[in-house]
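Worksheet: one structure, shown below.
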Amino acid sequence: MWTGGVRVIILDDENRMLMVKQHHEDHDIWMVPGGGIEAGENAAEAAVREVKEETGLTLTSYRYRGLVTFISNLWPTEYMHLFTAHGFEGGLIP
């Protein structure tokens, strides 16, 4: 059962936002890093894991901002936990 997802807005010292290019339903789209919460983990753990998987960065300072609910007649209701991050270590993966 899908328990929701996370998205992390990562800002650098110049307030530039990191975006990742993903391929969904035959389209390339740009979005902030994130993904689904896996069984046994909480939203914060998922945020740290997803950022590491998608960017190679390790979050060192982040803050929970709230829950976004997507309601549509086309698909089931989705829940997305939103974080902002200002501290990170490591280098971006290509």
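Taken together, the values in this text are just the output of simple stated rules run on the coordinates, not laboratory data. These numbers were taken from a predicted model, which means no experiment stands behind them. So basically every Cβ, Gly included, is an ideal-geometry build from the backbone, and we count neighbours across all protein chains shown.
Give the separation of the Cα centroids, segment 27-69 to segment 78-92, in Å. The distance from the Cα centre of segment 27-69 to that of segment 78-92 comes to 6 Å.
Given N residues in segment 47-94, what is Rg(Cα) / (2.2 N^0.38 Å)? Don't skip to the end; give the middle numbers.
Details: Rg = 13.8 Å, N = 48, 2.2 N^0.38 = 9.6 Å.
Here the answer is 1.44, to two decimals.
Relative protection proxy for 57-68, 41-52, from highest mean packing down: 41-52, 57-68 (other beta-carbon atoms within 10 angstrom).
In plain terms, the chain from Leu11 to Thr77 could stretch by 20.9 nm, reckoned as 0.36 nm per residue minus the Cα-Cα distance. Per-residue Karplus couplings for segment 16-28, computed as 6.51 cos²θ - 1.76 cosθ + 1.60 with θ equal to phi - 60°, are listed in order as 7, 9, 7, 10, 10, 8, 10, 10, 9, 6, 6, 9, 8 Hz, Gly and Pro entered as x. Taking Lys and Arg as +1 and Asp and Glu as -1, the other residues whose beta-carbon sits under 15 Å from that of Trp30 total 0. Calculate how steeply helix 43-55 sits against the longest principal axis of the alpha-carbon atoms of the chain, using the helix alpha-carbon long axis, and give the answer as 0 to 90 degrees to the nearest 10. Result, in degrees: 60. When all alpha carbon pairs of the chain are counted in 10 Å bins from zero, the resulting P(r) reads 16, 48, 31, 6, 0 %.
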